[in-house]
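Encoded as structure tokens, the structure appears first; notes follow it.
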Amino acid sequence: ATEPTIVLAKSRGSADSPTVVNSADILGGIRFAGYDGSDYVTQGASIICAVDGAPGSNDMPGRLTFNTTADGASTPSERVRIDSSGKVGININNPGSYNSAGNELVLGNTGNNGGMTIVSGTGNNGHIFFADGTGTPNRGIIKYEHANDAFAFNTADNERLRITSTGGV
């Protein structure tokens, strides 16, 4: 009467005397590997579920991470995280808490505001690029310049509007 299901379950302790799992314990995963000329050990990607907080009776906060292996590397690195509060981070392992190096995207409730946050670091610019699907990238750009606290808007690859930190247009 129910749908087919695969259950991966973990406890600490032993099979006869299980104990509660801890925050960050891996509950299960799917790992993808291919023959690399010597064995099938080297992973190309993985999806991992881990405990994302303090578990309790009928309370199991979880997160999913999606990991890929870069060319020339031998182990997967985390690329996307969905945390127990529903925040999605791309290139950040703590969505809602920003990496000082920048270059991450956070979707979800960040602080008191819901939405999308692009973090580019104080020495870099933040961009939203729009392409027209014809192979011409970046036809439209919304850019925030951290160095001078200004917004610039581009169309057809050219800046058309700038708003300065004092509100000048």
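So, in the stretch 136-163, of the ones that are over 29 Å from Ile92 (Cα atoms) and in a loop (DSSP other than H, G, I, E, B), which residue ends up modelled with the highest pLDDT? That would be Ala156. If the condition is being surrounded by 13 or more Cβ atoms within 10 Å (Cβ to Cβ) and assigned to a loop (DSSP other than H, G, I, E, B), then the stretch 27-49 contributes only Thr42. Taking the stretch 57-82 as the range and being free of Cβ contacts under 8 Å to residues at least 12 places away in the same chain and assigned to a strand (DSSP E or B) as the test, the residues that pass are Asp59, Ser77. Only one of the numbered conditions (1) under 28 Å from Ala33 (Cβ atoms); (2) modelled with pLDDT under 70; (3) open to solvent by 60 Å² or more (accessible area, probe 1.4 Å) is not met by Thr122, and that is (1). Quick one: would you say Pro4 is assigned to a loop (DSSP other than H, G, I, E, B), open to solvent by less than 50 Å² (accessible area, probe 1.4 Å), out of contact with any His (no Cβ under 7 Å at 6 or more places or on another chain) and of a type outside the set (Lys, Arg)? No.
Just one of the numbered conditions (1) open to solvent by 60 Å² or more (accessible area, probe 1.4 Å); (2) closer than 29 Å to Thr117 by Cα; (3) aliphatic (A, V, I, L, M) is not true of Val88: (1). None of Ala24, Ala73 is open to solvent by 40 Å² or more (accessible area, probe 1.4 Å) and more than 22 Å from Ala9 (Cα to Cα) except Ala73.
The values are calculated or read from the model by the stated rules, or taken from the named source; none is laboratory data. Being a predicted model, the structure only gives us computed values, none of them experimental. Methodologically, a virtual Cβ is constructed for each residue, glycine included, from the backbone with ideal geometry; neighbour enumeration extends over all protein chains shown. The accessibility values were calculated without ligands, DNA or RNA, using every heavy atom of the protein model including side chains. Shrake-Rupley method; radii C 1.70, N 1.55, O 1.52, S 1.80 Å.
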